[in-house]
Every structure is written in structure tokens, then in C-alpha cells.
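Shown next, in C-alpha cells, is the structure this report addresses.
The values are calculated or read from the model by the stated rules, or taken from the named source; none is laboratory data. Bear in mind the structure is a predicted one, so any value in this text is a computation, not a measurement. Neighbour counts run over all protein chains shown; Cβ positions are idealised from the backbone, glycine included. Only protein heavy atoms, including side chains, enter the accessible area calculation; ligands, DNA and RNA are left aside. Shrake-Rupley method; radii C 1.70, N 1.55, O 1.52, S 1.80 Å.
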Amino acid sequence: MDKQHLTKFYQKTKQERIEALVSAGLIHEEATTAFSSKIHLSDEVANHMIENQIATYQVPLGLGLNFFINGKDYAVPMATEEPSVIAAASFAAKTIQQAGGFKTTVGDRAMIGQIALKNVEDMNKAEEIILQHADAIIDLANQAHPSIVKRGGGARSIQIRKIQADPTYQTPAFLVIHIHAQTLEAMGANIINTMVEAVKPYLENVTGGTALMGILSNYATECLVTATCRIPTNQLAKEPYTGEQVRDRIIEACQFALVDPYRAVTHNKGIMNGIDAVVLATGNDTRAIEAGIHAYATRSGQYRSLTNWTKAENGDLLGEITIPLPIGTVGGSISIHPAAKFSMKLLGNPAAKELEAIIASIGLAQNFAAVRALVTEGIQKGHMGLQAKSLAITAGAKGDQIEVVTEQLKQAPNMNLATAKAILAQLN
Ligand code: MEV
């Protein structure tokens with residue numbers, strides 16, 4: 001890729017940006033037609049997507065640049081309302097690109113369906129019986145969804161969890177059966193829910209228990225992805241700190257987020273700034289991904305940092321993130337929402353595993369940018385620079401006034417709405 005084309009991308013007009021992306025080889029010429037066609041959700045489609053629809057709600061769609069993942073360049077579509085997210089991700093990705101980029105490992109992509117049984121008289125006996133009937137249960141699940149089996153996926157195994165009655169919470173015992181199934185390119189909620197509902201009566205029969213429910217678990221611990229990066233210290237120096245000092249401060253910031261849940265929540269929120277933006281842009285389920293990832297952050301019994309920053313033997317900074325990422329590339333709103341289709345097209349219609357790799361890398365980049373800023377100059381400098389534009393618009397600036405007010409606001413001793421209004425009043 002010729003990176004020259006992307007220099008000062010943010011200062012280009014929209015048309016120049018499209019041309020730059022084509023020149024850089026990041027998108028194909030034919031994909032550019034999608035930029036001029038309507039990618040907005042029509043009222044008609046929106047009305048079919050939900051009940052009681054009255055309007056559509058838009059957020060900006062931008063591109064995270066400089067992402068070099070497993071030896072391939074990406075411009076990553078990100079849907080977000082937060083001014084600094086894409087700038088921060090692109091900045092971090094540039095540093096990481098210069099250091100060799102991101103490497104990822106994507107697991108098996110198995111989704112979990114749960115059937116909860118109550119009133120099981122003898123849990124150990126029931127467990128034994130279920131294990132004896134494991135093949136029949138898997139067959140039943142697969143018969144309930146033959147099309148996924150035809151495509152090469154389907155239920156693969158079962159797991160049994162015995163949850164004892166708990167007097168503290170006054171809860172009864174539950175015998176929980178997990179079905180692990182490969183849903184291929186789909187996130188798989190419908191596939192899994194069909195399967196678990198189909199095996200519910202069979203499980204009641206063989207155990208004598210009563211099924212409370214059968215449902216997908218959004219805690220997708222069998223669908224993990226890891227992204228890593230390695231940054232030499234000579235790329236980390238930031239006045240007044242040396243590269244080694246910045247590295248050590250980033251490691252300490254991560255240690256702080258490992259041991260303090262109050263910090264960990266904010267640390268992980270920064271990671272989710274990037275992850276949610278790509279999940280939303282590609283038409284995936286932001287709530288499912290959020291719920292699963294935050295639960296994964298508590299897997300040790302305490303809410304902790306999702307990333308890990310450490311020092312390599314040669315002194316480089318090593319970054320790593322592992323998260324559950326049950327995203328899909330088909331189904332749901334992915335194939336309906338024109339902006340989601342557009343985003344997928346921009347990415348070259350990646351398979352689900354490739355999309356997982358991209359999203360995990362964004363999360364790691366976003367964390368690097370936030371933590372690096374926090375342990376050096378602080379985040380307000382960069383944030384407020386970008387916030388200035390929002391303040392100018394809120395104050396009522398229009399057209400060319402937006403840039404003028406923004407620039408004056410950045411120089412002002414107090415960057416706030418009152419100052420923005422005063423600057424605008426003077427201009428008018
Ligand atoms: C702001 O949206 C995100 C940060 O607070 C993340 C962090 O503190 O690591 C900057």
C-alpha cells in the first residue's frame with residue numbers, strides 16, 4: 001500500500017478521501033459507487049425492522065486508518081458519535097503499523113445454547129443419563145436446524161453444569177446443559193435457540209426434571225479472539241518522557257486496571273469505544289458483544305483490564321487482548337441495513353474470523369491510544385481539540401463559521417459553550 005495517499009486524510013474533502021482510498025489500494029474503484037448511492041436506512045426498511053418505528057437515528061460513519069493486521073492493510077468502518085475515537089484508533093494503529101502491525105489468533109467460533117432444568121431429584125444420576133444420551137441430544141439439535149448442518153456447521157458437543165441451591169440468594173438448584181454448536185458465518189442466535197428448544201422435552205424426559213428455559217448464552221467463551229502487537233521503545237518517546245518511561249508507565253496503567261475495578265471499567269470502556277464502533281458499523285449486535293466482553297473481564301472473580309501490556313525480553317512493549325467476539329457476517333440486520341452492507345463491502349466482505357481479527361485489533365489500538373495519552377500529556381488536550389468542533393456547532397456555528405469558531409476556541413483560555421457563543425457573536 002502506498003501510505004502517502006492517506007497523509008492528512010482528515011483534512012481532505014469527502015471526494016478526496018474516496019480518491020485517496022482508491023489510490024492507496026484500500027478499496028476497489030467499483031466500491032466507490034456505494035459512496036454516492038444511498039446508504040441511509042429508508043423509512044420503509046426501518047419500519048420492517050422494528051415495531052412502532054417513527055424515525056431513524058444516525059451516527060457518523062468514519063474510517064479507522066493504518067490498520068495492518070496479519071500482513072494485510074485495512075481501512076476500518078467505525079460508527080461512533082464520540083469525536084476522538086477514530087482519531088485515536090488511527091493514531092495508535094499507525095504506531096503499531098510501523099512496528100509490524102497486529103497479529104491475531106481466532107478460536108473455534110462455537111456458540112453456546114443453555115437448557116436450564118429445575119426439580120431434578122438426583123443431579124449426579126441425571127448427569128450420568130444425559131452423558132449416556134449425548135449423541136442423541138446432539139442429533140436432535142442438528143435435526144432441528146438441518147440447513148446449518150448442510151453448510152458444514154451444527155451441534156458438536158454438550159457440557160453439563162450443576163448449580164447447587166444457594167441459601168444466601170434463596171435460589172434452587174439448576175442442572176444446566178450446554179450445547180456447543182458451530183454457526184459458521186452467523187452469530188447464530190436463531191440457530192442456537194431453535195436447537196435448545198428442540199432438545200428441551202427430550203431432556204425433561206430422560207432426567208425427570210422440568211425445563212425452565214432454553215436460550216443462547218451471550219457469554220461466548222468458546223468464541224475467543226486474541227490480538228497482539230509489539231512496539232519498540234524508540235516509537236514511544238513523548239516529551240518529557242523517554243520511550244522506556246512511556247513503556248513502563250503504560251505497563252503500570254495496565255497493572256492499575258488489573259487490580260482496581262473502578263479504573264478497569266473506564267479502561268475497558270475505552271476499548272469498547274472502538275469495538276462497538278465496528279460492531280455497529282457492520283450491523284452486529286452491540287449489546288450481545290458488550291455483555292459478553294464485560295462478563296469475560298470478570299472471569300477471575302473481579303472485574304479487570306481486558307488488555308495486558310508487558311515488557312518483552314528485548315525491552316519492547318507487548319500488547320495483548322483476548323475477548324469473546326461472537327459476531328456474524330450474515331443474518332440479522334447485516335444483510336438488510338444498507339450502511340452495514342456498505343461497511344462490509346469496504347472491508348472486502350471478510351469472513352467472520354477475519355472480522356473478529358479486525359475488531360480485536362481495533363480494541364487493542366484504542367486502549368494503546370488512551371493509555372499512552374493518559375500516562376503522558378493526559379487526554380484532555382487531544383479530546384478538547386476535537387470537542388471544540390462539537391461546541392462550535394452546539395453554539396450555532398454554520399458552514400465556514402464552524403472551522404473559524406473551532407480554531408479560536410482551541411486558543412481560548414476556557415474552552416466551553418459560553419466561549420463558543422461569545423466567539424460566534426463577535427463573528428456575527
Ligand atoms: C473515553 O471515552 C475513554 C477513556 O476514558 C478510556 C481510558 O480512560 O482508558 C479515555
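Converting phi to 3J(HN,Hα) with the Karplus coefficients 6.51, -1.76 and 1.60 and the offset θ = phi - 60°, segment 67-79 yields 7, 10, 10, 6, x, 10, 8, 9, 10, 9, x, 10, 9 Hz in sequence order, with x at every glycine or proline. Straight-distance candidates among the lysines for linking to LYS341, with alpha-carbon spacing under 28 Å and chain neighbours fewer than 8 residues away dropped: LYS3, LYS8, LYS12, LYS14, LYS38, LYS72, LYS94, LYS103, LYS150, LYS269, LYS353. Decide, for segment 273-428, between rounded, prolate and oblate: order the square roots of the alpha carbon gyration tensor eigenvalues as a ≥ b ≥ c, take rounded if a/c falls under 1.5, and otherwise choose prolate if a/b is larger than b/c, else oblate. Oblate, because a/c is 1.5 or more while a/b does not exceed b/c. When peptides 357-365, 66-74, 398-406 are ranked by their average number of other Cβ atoms within 10 Å per residue, the highest-first order is 357-365, 66-74, 398-406.
In sequence order, segment 405-421 has phi-based couplings of 5, 4, 4, 5, 5, 5, 7, 5, x, 10, 8, 8, 5, 4, 5, 4, 5 Hz under the Karplus curve 6.51 cos²θ - 1.76 cosθ + 1.60, θ = phi - 60°, and Gly or Pro positions carry x. Once the chain from THR221 to ALA295 is taken as fully extended at 0.36 nm per residue, the excess over their C-alpha distance is 25.7 nm. Whole-Hz Karplus values for segment 373-380 come out as 5, 4, 8, 10, 7, x, 8, 5 Hz, taken residue by residue from phi with 6.51 cos²θ - 1.76 cosθ + 1.60 and θ = phi - 60°; glycine and proline positions read x.
Please report, as a whole percent, how much of the solvent-accessible surface of the chain comes from carbon and sulfur atoms (probe radius 1.4 Å).
52 percent
Rg over Rh for the chain works out to 1.03, both radii taken from alpha-carbon positions and Rh defined as the Kirkwood radius. For VAL59, nonlocal amide neighbours, meaning residues 5 or more places apart or on other chains whose placed amide H falls under 5 Å from its own, do not occur. The residues of the chain expose on average 50 square angstrom of accessible surface per residue, using a 1.4 Å probe on protein heavy atoms.
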